[in-house]
Amino acid sequence: MKTFPKLKTLLILTLVLVTTWSCNNDDDPVTMPQPQTITDIASATPELSSLVAALTKANLATTLSEPGSYTVFAPTNDAFTTFLNANGFASLDDVPVDVLTQVLLNHVIVGQFNSIIISTGYMKTLATQSGTDLNLSMFIDTSDGVTLNGVSHVTTSDIYATNGVIHIVDAVIGLPTVVDHALANPNFSSLVAALSTADGNLVSVLSGAGPFTVLAPDNDAFTAFLNGTALADVPTDALANILLNHVLGGVVTSTNLVDAGSGYTNTLATGPNMNNLSLYYNTSSGVMFNGVSTVTAADIVASNGIIHAIDTVIDIPTVVTFAVADPNFSTLVSALTTLTPATDFASILSRNMDGNGDGINPPFTVFAPTNDAFAALASVPDEPVLTQVLLHHVVGGANVTSSDLTPNGNTVAPTLQGQNLTITLPGTNGNIADVTDGAGNSDIGIIAVDVQAGNGVIHVINKVALPSI
């Protein structure tokens, strides 16, 4: 067979080559590189010596030497120098350890995210909000390179370690406030402009200790709200109150809202007698505020609060706003609209100005029957009688809150219908207060109070009040 000599020759050549390689390998051994952790790489990089010193002081160098998966945005020495100077520190030794720890953790994300994976949006860092277990958010903008929280840029990317990846950045990323997050995200540029324009130095206020929950309208929301007018055309005092109608005291996460279901809370905006305005939230399908604005991005965590992005500006509510927004008042809304077409109750109860020709002027105090209250009626009256019944639930020209009621006694409230309601404190049978209507019925209970609108206040009642007709 002719193939065997060829095979024999091939085997001999292969043996010679292997022997030669083995000899060369013995004579000139190859040193394999040792695996390096994030801390190892940082320690071996001269421009990251300040970072290593900071990690050591904060006892984080060991953490980033251990097995895991981290993405570290590593500030250069120049970045640390700028950070120290900007914050009045002579050296790293002057930075409180707890502060330094949180600042450093604000540069660390769990998981390995290289430059291919990173995209525009929010990620959670390992830093936490003071007093809570909420991780701070980081806004990453990849529209022009990679910018972090609007202040720090990636200069060198994708330095791989055994326990993650390093991206070198040109600025230390401080702990962001709600204002910092608004400034960083170009979708909030209209909000930032409004905050800067409005009365009350709101940028400074929302940069303070807080904590705040900010419902942040995006640019499209402001465009729709302005409807072709310029921001400069909005009176600055009115603008301030509208903006404060998007701010709650305290930190309210999306989980808090969903767990609460639906209900009312207060904003920092004010209405009649400087009472804080109410805000109705409904979580039956997503999270909606006052029936008009929906959360599009939740839980953007800042050092002094939390932001939820929303798709509509939440204007100052009227008593009609709350009646329409709250499904518990759907029958009342029908009674005020489709069942009484001859009287434009919706327009009347949306008034914000005095001097109306019919003498019906805000603010209004509305005793609002629930759906169950209407369902308990033997029948719905025809329009002329129903109109009088509805007017019997409204006090004009007065914003009567629960604190205005006579304690341990009676408060007489003249209604637009002409007859009085009498409110008695304390209530009975679990009611906050009892109400006696014009017909003498005294089994009406106030079950919720002080839903504050910009043009009046609502108290919820469990039975329909009837005038004497």
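Count, please, the residues in the range 230-243 that happen to be within 16 Å of Ala193 (Cβ to Cβ) and in a helix (DSSP H, G or I). So the count comes out to 9. When each of Leu84, Leu92, Leu136, Leu100 is tested for being in contact with a Ser or Thr (Cβ under 6 Å, 6 or more places away or on another chain) and assigned by TED's automatic domain parsing to the domain that holds Val52, the lone residue that passes is Leu136.
For the structure I just gave you, tell me whether Asn163 is closer than 12 Å to His107 by Cα and either in contact (Cβ under 8 Å) with a residue 24 or more places away in the chain or surrounded by fewer than 18 Cβ atoms within 10 Å (Cβ to Cβ) (or both). Judged against the criteria, Asn163 is not a match. Can you find even one residue in the range 34-43 that is surrounded by fewer than 17 Cβ atoms within 10 Å (Cβ to Cβ), on the phi > 0 side of the Ramachandran plot, out of contact with any Pro (no Cβ under 9 Å at 6 or more places or on another chain) and touching a residue at least 12 places away in the same chain (Cβ under 8 Å)? No.
Checked against (1) surrounded by 15 or more Cβ atoms within 10 Å (Cβ to Cβ); (2) free of Cβ contacts under 8 Å to residues at least 40 places away in the same chain; (3) outside any loop (DSSP other than H, G, I, E, B); (4) hydrophobic (A, V, I, L, M, F, W, C), Phe89 passes all but a single condition, namely (3).
Remark: pairs (first residue in the range 407-420, of a type in the set (A, V, I, L, M, F, W, C); second residue assigned to a loop (DSSP other than H, G, I, E, B); Cβ separation under 7 Å; 6+ apart in sequence or on different chains) = Ala413/Val400; Leu416/Ile360.
Just so you know, in the range 421-469 the residues that are outside any strand (DSSP E or B) and β-branched (Val, Ile, Thr) include one that is nearest to Val400 (Cα to Cα), and it is Ile432.
Would you check which residues across the range 204-217 are of a type in the set (Val, Ile, Thr) and over 16 Å from the mean Cα position of the chain (by Cα) and list them? Within the range 204-217, just Val205 meets the criteria.
Filtering the range 216-229 for residues that are under 26 Å from Gln102 (Cβ atoms) and either part of a loop (DSSP other than H, G, I, E, B) or out of contact with any Phe, Trp or Tyr (no Cβ under 7 Å at 6 or more places or on another chain) (or both) leaves an empty set. When you scan the range 175-189, do you find a residue that is surrounded by fewer than 16 Cβ atoms within 10 Å (Cβ to Cβ), within 17 Å of the chain's Cα centre (by Cα) and over 22 Å from Thr267 (Cβ atoms), even just one? Yes: one or more hits.
Remark: Ala465 matches the filter, which requires a residue to be surrounded by 19 or more Cβ atoms within 10 Å (Cβ to Cβ) and among the small types (Gly, Ala, Ser). Taking the listed residues Ile461, Ile447, Ile423, Ile469, the one that is of a type outside the set (Gly, Ala, Ser) and at pLDDT below 95 is Ile469, with no other qualifying.
Would you mind stating whether Val295 is assigned to a strand (DSSP E or B), β-branched (Val, Ile, Thr), farther than 26 Å from Leu231 by Cα and in contact with a strand residue (DSSP E or B) (Cβ under 9 Å, 6 or more places away or on another chain)? Please lay out each step first, then the result.
Values: assigned to a strand (DSSP E or B): yes; β-branched (Val, Ile, Thr): yes; farther than 26 Å from Leu231 by Cα: no; in contact with a strand residue (DSSP E or B) (Cβ under 9 Å, 6 or more places away or on another chain): yes.
Taking the combined requirement at face value, the residue does not satisfy it.
What helices (runs of 4 or more DSSP H) lie completely within the range 343-409 and have 1 or more residues being more than 21 Å from Ser468 (Cβ to Cβ) and small (Gly, Ala, Ser)?
Fully inside the range 343-409 and qualifying: 345-348, 371-375.
Quick check, is Ile300 of a type outside the set (Lys, Arg), crowded, with 21+ Cβ neighbours inside 10 Å and under 30 Å from the mean Cα position of the chain (by Cα)?
Yes: the conditions hold for Ile300.
Note on the range 309-342: residues that are under 30 Å from the mean Cα position of the chain (by Cα) and part of a loop (DSSP other than H, G, I, E, B) amount to 9.
Scanning the range 438-465 for residues that are touching a helix residue (DSSP H, G or I) at 6+ places or on another chain (Cβ under 6 Å) and in contact (Cβ under 8 Å) with a residue 60 or more places away in the chain yields Asp450, Val451, Ala453, Gly456, Ile458, Asn462, Lys463, Val464. Checking each residue in the range 96-138 for being β-branched (Val, Ile, Thr) and touching a residue at least 12 places away in the same chain (Cβ under 8 Å) picks out Val97, Thr101, Val103, Val108, Ile109, Val110, Ile118, Thr120, Thr125, Thr128, Thr132. Could we say that Ala54 is modelled with pLDDT of 95 or more, of a type outside the set (Asp, Glu) and not in a helix (DSSP H, G or I) here? Judged against the criteria, Ala54 is not a match. Residue pairs whose Cβ atoms lie under 9 Å apart, separated by 6 or more positions or on different chains, with the first residue in the range 338-362 and under 19 Å from Gly418 (Cβ atoms) and the second of a type in the set (Phe, Trp, Tyr) and not in a loop (DSSP other than H, G, I, E, B), are Ile348/Phe364; Leu349/Phe364.
The values are calculated or read from the model by the stated rules, or taken from the named source; none is laboratory data. Note that this is a predicted model, so its numbers are computed, not measured. Counting neighbours? That spans all protein chains shown, and the Cβs are built from the backbone with ideal geometry, glycine included.
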